[in-house]
Amino acid sequence: MRAQKKQLSDVIPLPASVRPAPAATFTIISGTTVSAAAEAAAVAGHLASALGLEVAAGGDIRLVVDGSLEPEGYRLEITSSAVTLAGGTPQGLFWGVQTLLQLGGPELPGGVIEDAPRYPYRGAMLDLARHFFSVQEVRAHIDLLVQFKINHLHLHLTDDQGWRLEIPGWPRLTEVSGGAGTGVDGTGPGFLTLAEYADLNAYAAERFVTIVPEIDMPGHVNAAQLAYPELTADGQPVSQRTDAEVGYSSLVAGKEETYAFVEDVIKTVCDVTPGPYLHIGGDECLSTPSEDYRTFLARVLPLPGKYGKRAIGWHEIAAADLPETAVVHYWRPEADEPNVTRAAAAGRQIIMSPADRTYLDMKYDAETHLGLDWAGLLGVRQSYDWDPADRLPGVGEEALLGVEAPLWSETLRTLADVQYLTLPRLPAVAEVGWSPRGSRDWDSFRTRLAAFGPRWDAAGIAYHRSTEIDWP
Ligand code: TNX
């Protein structure tokens, strides 16, 4: 059966401007070629291999970089004789390629798309600490995310259960806490060597994705304390924990060993991370006295800056004095967080991840066999029908760096589990982060989303067939 011809607007996230020319259609045939200016060669290669075409001079599908466009913006023109794609930078071009690939083929609908993102930070998070995912699996996940123009992948690398990044000088972190049985319920093992971490960063960079590493502190540190008992208050060993409790472990604010460890780790991670951010966690420090929490952060929040990065922290950090460049990552579902409002008023940028809208580990409905429900059930419409600039008092558009959809892995075991919770809610959050606010519409979104079902079926992707969508 022949696929129905796409409309020019059948794209997620919805482009900023779509002007169809319904009389025109460009048909990709086996002799169609892709051509590109030198600075667009890598992106052209990506497009050609996705479509099974050759790159050749004077091609019918032409890729150019046009510095007058926004860096992540692009302009796509489809006529009956040619396809011209211009990007503000190779990254903008790459997003234009994602649009082109969604429009399918062999028949491409005629017209012009002019597009650019609403926010510069459009993120997804994957928790490698509660369950480790291999380099291969994370690569596959990146391939999925970029289709929806997600440009940051936040990796939660450490927690009470496991420590998932090699730190030279502290070998027991990964020998002990990256070993067998360190995932929730004793699954595991796994950690990234520095070479594997570099490989992942390179793979992400080739797809214009920035890796944001997170080393969670001062709480969520049982795995570090298991490996190095000198990091506990009394220096006594702790026992291994693979349950899903939170809030019981803490680094000790009044001990110099703490800061020697923390600075070494932060320096190492900054040195091996090409992206501009280091996420220092800071969430759920229920066993850290609040005075100690502030003391700890006063010493630790400047460290990413010392090693050339911008600090991000979960929004609890807004209780402390924040460096000017620090980014506050809002997550708890409460509709009012006075410290976050205060930080925004003082000029700090905010990333929005309200758990009741963006937490991909929340169950879709009561029957969902994976995930948690502490922030409520999270259907597709719930993840789509909200606006980041309306979420918190005093935190409007100009305070926002962007949005992120976190996926915590307590209940996950396989890449199929990741995909099941990611699709189709990640496309909803991706559209929230990319498309102009006034253009978003649930009925339009659910119709466009339905068309992805057959494609995911064909690719063997285990997505959730939500009853909110009329899948074909
Ligand atoms: C809260 S969100 C946490 C994580 C859990 C998650 C489960 C956040 C900053 N902390 O430790 O994994 O809930 O949904």
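Just so it is clear, none of the values below were taken in a lab; they were calculated from the coordinates. Since this is a predicted model, take the numbers as computed values, not measurements. Cβ atoms come from the backbone with ideal geometry, glycine included; neighbour counts cover every protein chain shown.
Okay, here's what the table says:
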{"item": "Tilt relative to the chain, helix 256-272 - C-alpha long axis, 0 to 90 degrees, to 10", "result": "20 degrees"}
{"item": "Charge tally in the Cβ shell below 12 Å around residue 407, where Lys, Arg are +1 and Asp, Glu are -1, residue 407 excluded", "result": "-3"}
{"item": "Taking the stretch 121-438 and dividing mean pair separation by its residue count, relative contact order in percent (alpha carbons under 8 Å, at least six apart)", "result": "17 percent"}
{"item": "Whether the chain is rounded, prolate or oblate, judged on the alpha carbon gyration tensor where a/c under 1.5 counts as rounded", "result": "prolate"}
{"item": "HN-Hα J in Hz across the stretch 158-169 - Karplus 6.51, -1.76, 1.60, θ = phi - 60°, x for Gly and Pro", "result": "9, 6, 4, 7, x, 10, 10, 9, 4, 10, x, x"}
{"item": "D_trans [Stokes-Einstein, Kirkwood Rh over alpha-carbon pairs] for the stretch 4-115, 4 °C, 1.567 mPa s, µm² s⁻¹", "result": "96 µm²/s"}
{"item": "Formal net charge of residues neighbouring residue 252 (Cβ-Cβ distance under 11 Å; K, R +1; D, E -1)", "result": "-4"}
{"item": "Mean Cβ neighbour count within 10 Å, used as a protection proxy, ranking 140-153, 21-34, 335-348 highest first", "result": "140-153, 335-348, 21-34"}
{"item": "For the stretch 319-364, fraction of C-alpha pairs farther apart than 16 Å, in %", "result": "39 percent"}
{"item": "When each of 5/363; 255/363; 149/363 is checked by Cα-Cα distance, pairs over 32 Å", "result": "5/363; 255/363"}
{"item": "Relative packing of 191-199, 460-468, 73-81, which averages over residues the other C-beta atoms within 10 Å, highest first", "result": "73-81, 191-199, 460-468"}
{"item": "Cβ crowding within 10 Å averaged over residues, with 306-318, 357-369, 420-432 ranked highest first", "result": "420-432, 306-318, 357-369"}
{"item": "Distance between modelled label sites at residue 458 and residue 84, nm, 7 Å Cα→Cβ extension", "result": "3.0 nm"}
